[in-house]
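The structure appears right after this line, and notes come after that.
The values are calculated or read from the model by the stated rules, or taken from the named source; none is laboratory data. Keep in mind it's a predicted model, so treat the numbers as computed, not measured. Here Cβ is always computed from backbone atoms with ideal geometry, including for glycine, and neighbour counts include all displayed protein chains.
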Amino acid sequence: MAEQVTKSRPTGAPLPANAEIAVIGAGVMGLALAYNLALLGVERVVVLDAHYLAWGASGRNGGGVRQQWSTEMNIRLMQESVELCAGFARELGINVWMRRGGYLFLARTAAARARLEKNVALQNRCDVPTRLVSPEDARAIVPELDVEGFEAACYNATDGIVFPWPFLWGYARAAGRRGVSIHTGTPVTAIEGAAGAFRLHTPKGILRAARVVCAAGAWSPEVALLADVALPDWPVRHEILSTEPLKPFLKPMVSVIESGLYFSQSLRGELVGGISMPEERGGAREIRLTSSLAFLQTMARALTEVMPVLAAVKVVRQWAGPYDMSPDGNPIVGEAPERPGFYVCCGFQGHGFMMAPVVARYYARALAGETPHTFFEAWRADRFTRSGPGPASGGERETMIIG
Amino acid sequence: MSRKVILCRCEDVTLADVEHAVAAGYADLEEIKRYTGFGTGPCQGKECLREVALAIAAAGARSPETIAPFTTRPPLVPTELGLLAGRAAPGKRRAGK
């Protein structure tokens with residue numbers, strides 16, 4: 001089979017001298033942004049990353065794409081993002097192993113049930129066909145579940161899962177074909193200058209850039225600090241595991257509201273999932289990517305409680321990645337108030353991967369001069385410091401943060 | 001297509017797959033693990049790591065001494081969830097009953 005191979009990571013290519021827009025971070029957000037900028041005809045876009053593609057959180061997440069949220073902003077954005085995911089293979093010519101088996105949320109308490117009821121009503125108003133279902137109905141969807149002790153569940157059949165890595169290769173390759181220059185293994189060590197003439201120092205030389213976008217996920221605060229921009233987001237380590245491959249049996253992603261347990265079966269057959277580890281929420285500033293036995297035990301107990309048949313299934317691999325948390329549970333986007341020309345796109349609370357296709361689309365349009373999407377106002381970077389009129393926070397707090 | 005050389009038996013990754021990944025610009029063992037899926041099956045690279053590293057070197061992407069092994073992920077061997085949970089596996093039986 002003769003296949004056209006385009007180098008998505010030109011090995012050893014020299015760093016260009018100048019960029020119109022330099023994107024720091026070749027995760028899904030940075031690459032999707034670069035691709036969308038190229039689609040809009042923006043020239044001289046350069047993406048820099050300290051590591052290789054999929055090294056960071058974009059290569060470490062569970063691959064869920066859902067429209068079940070508690071705020072209208074996230075519901076509407078994710079409706080569009082799921083459609084972009086569904087068209088990704090056609091648009092970008094790479095298989096992302098998407099499977100729309102739905103998302104099933106289970107609730108143990110009356111309080112969580114009330115939250116789900118409210119969310120389902122809002123989702124239905126936005127034309128997301130989520131249904132509130134009884135625990136028995138949940139077992140009709142997933143017969144292996146032990147639903148004892150559950151109050152309620154909700155199910156949306158149009159949610160799904162993807163295999164995250166091909167998104168990076170797909171965006172990188174398509175961006176590369178449109179002239180974007182992508183440099184992995186190229187950390188930015190210093191940022192000097194100002195709008196119109198930033199100078200980004202790297203081991204491969206200095207890149208001059210008119211504008212800079214920091215899309216480094218949980219690493220964004222340290223990157224922004226190079227430009228003297230203080231960001232309030234912080235990393236929380238989340239662990240995840242993968243089992244041996246099994247015959248396809250599990251249709252939806254299953255998640256338990258109270259524990260933050262989530263698991264799904266990929267198209268490769270393996271179960272992939274994680275759970276909240278409350279002791280990780282200490283607000284440590286350093287990013288740890290180590291694995292723990294405590295997670296394996298906590299996850300194994302929760303998983304075999306909700307689906308006892310899994311006790312005989314073997315774990316083959318565990319790893320960790322950082323959620324990028326913000327003080328009010330909403331992302332941080334737009335121009336940094338203290339540094340004109342320096343833009344941020346971070347604080348996505350562990351769901352940056354699934355939001356990247358749609359966020360990058362509108363972020364690129366705003367950078368290209370179009371009217372910014374309303375999320376730029378709700379999630380603007382100066383909301384944590386700004387006094388005076390206007391909402392003090394990023395709008396309504398999103399409560400459907402899982403894991 | 002008569003000479004298909006399998007390097008990773010768990011995930012059916014061939015020599016041609018690795019050469020394709022190198023041609024696409026991937027050179028690190030970590031990147032090629034992700035691009036081809038080699039080393040992500042039950043053996044977690046214990047059987048195939050060396051073979052893939054040699055193939056990367058042979059394809060000219062890296063000299064052998066610059067190819068570092070990928071990060072080893074726990075558990076050391078595939079481990080039953082029931083064991084980790086402190087529960088006995090229900091209806092545990094040998095493969096093939």
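Exactly one residue among A:Ala209, A:Ala218 is at pLDDT 95 or above, more than 20 Å from the chain's Cα centre (by Cα) and surrounded by 20 or more Cβ atoms within 10 Å (Cβ to Cβ), and that residue is A:Ala209. Of all residues assigned to the range A:58-72, none qualifies as being over 30 Å from A:Lys204 (Cβ atoms), of a type in the set (A, V, I, L, M), at pLDDT 95 or above and out of contact with any helix residue (DSSP H, G or I) (no Cβ under 9 Å at 6 or more places or on another chain).
Does any residue of the range B:76-92 turn out to be more than 7 Å from every other protein chain (Cβ to nearest Cβ), in contact (Cβ under 8 Å) with a residue 12 or more places away in the chain and not in a helix (DSSP H, G or I)? Checked against the condition, which is being more than 7 Å from every other protein chain (Cβ to nearest Cβ), in contact (Cβ under 8 Å) with a residue 12 or more places away in the chain and not in a helix (DSSP H, G or I), the range B:76-92 yields no hits at all. Does A:Ala50 count as part of a loop (DSSP other than H, G, I, E, B), closer than 24 Å to A:His238 by Cβ, of a type in the set (A, V, I, L, M) and at pLDDT 95 or above? In short, yes. Checked against the criteria, B:Tyr26 counts as aromatic (Phe, Trp, Tyr), farther than 25 Å from A:Ile275 by Cα and not in a helix (DSSP H, G or I). Scanning the range A:134-152 for residues that are over 15 Å from A:Ala111 (Cα atoms) and among the small types (Gly, Ala, Ser) turns up A:Ser134, A:Ala138, A:Ala140.
Where helices (runs of 4 or more DSSP H) sit wholly within the range A:65-147, those with at least 3 residues that are among the hydrophobic types (A, V, I, L, M, F, W, C) and surrounded by fewer than 16 Cβ atoms within 10 Å (Cβ to Cβ) occupy A:110-125. Only one of the numbered conditions (1) free of Cβ contacts under 8 Å to residues at least 12 places away in the same chain; (2) more than 14 Å from every other protein chain (Cβ to nearest Cβ) is violated by A:Ile332, and that is (1). Among the strands (runs of 3 or more DSSP E) confined to the range A:194-247, the ones with at least 3 residues that are over 26 Å from A:Gly403 (Cα atoms) and of a type outside the set (Val, Ile, Thr) are located at A:197-202, A:205-214. In this entry, A:Ala294 passes the filter for residues that are surrounded by fewer than 18 Cβ atoms within 10 Å (Cβ to Cβ), assigned to a helix (DSSP H, G or I) and assigned by TED's automatic domain parsing to the domain that holds A:Pro143.
The single condition among (1) within 26 Å of A:Trp97 (Cα to Cα); (2) in a helix (DSSP H, G or I); (3) more than 10 Å from every other protein chain (Cβ to nearest Cβ) that B:Glu65 does not satisfy is (1). Does the range A:336-347 include one or more residues that are modelled with pLDDT of 95 or more, crowded, with 21+ Cβ neighbours inside 10 Å, of a type in the set (A, V, I, L, M, F, W, C) and under 14 Å from the mean Cα position of the chain (by Cα)? Yes, the range A:336-347 has at least one match. Is it true that A:Val229 is under 20 Å from the mean Cα position of the chain (by Cα), at pLDDT 95 or above and of a type in the set (A, V, I, L, M, F, W, C)? Judged against the criteria, A:Val229 is not a match. Whether any residue in the range A:377-388 is touching a Pro at 6+ places or on another chain (Cβ under 7 Å), within 14 Å of chain B (Cβ to nearest Cβ) and either closer than 17 Å to A:Pro232 by Cα or not in a loop (DSSP other than H, G, I, E, B) (or both) is what I want to check. Checked the range A:377-388: no residue is touching a Pro at 6+ places or on another chain (Cβ under 7 Å), within 14 Å of chain B (Cβ to nearest Cβ) and either closer than 17 Å to A:Pro232 by Cα or not in a loop (DSSP other than H, G, I, E, B) (or both).
Restricted to the range A:158-198, and to residues that are out of contact with any Asp or Glu (no Cβ under 8 Å at 6 or more places or on another chain) and among the hydroxyl-bearing types (Ser, Thr, Tyr), which residue is farthest from B:Asp28 (Cα to Cα)? Checking each candidate, the answer is A:Thr158. Here A:Glu279 meets each of (1) away from chain B (no Cβ under 14 Å); (2) more than 22 Å from A:Ile161 (Cα to Cα); (3) part of a loop (DSSP other than H, G, I, E, B) with one exception, condition (3).
Within the range A:76-102, residues that are closer than 19 Å to A:Ala175 by Cα and touching a residue at least 60 places away in the same chain (Cβ under 8 Å) sit with their Cβ atoms under 9 Å from residues that are among the polar types (S, T, N, Q) and crowded, with 18+ Cβ neighbours inside 10 Å, at 6+ positions apart or across chains, in these pairs: A:Ser81/A:Gln67. Anything in the range B:11-42 that is more than 9 Å from chain A (Cβ to nearest Cβ) and under 13 Å from the mean Cα position of the chain (by Cα)? List them, or say none. If the condition is that a residue be more than 9 Å from chain A (Cβ to nearest Cβ) and under 13 Å from the mean Cα position of the chain (by Cα), then B:Asp12, B:Val13, B:Thr14, B:Leu15, B:Asp17, B:Val18, B:Leu29, B:Ile32, B:Lys33, B:Thr36, B:Phe38, B:Gly39 are the ones that fit. Among residues of the range A:222-234 that are among the acidic types (Asp, Glu), those with a Cβ under 8 angstrom from a residue that is not in a loop (DSSP other than H, G, I, E, B), sequence gap 6+ or separate chain, pair up as A:Asp233/A:Ala218; A:Asp233/A:Ser220; A:Asp233/A:Pro221; A:Asp233/A:Asp324; A:Asp233/A:Met325; A:Asp233/A:Ile332; A:Asp233/A:Cys346.
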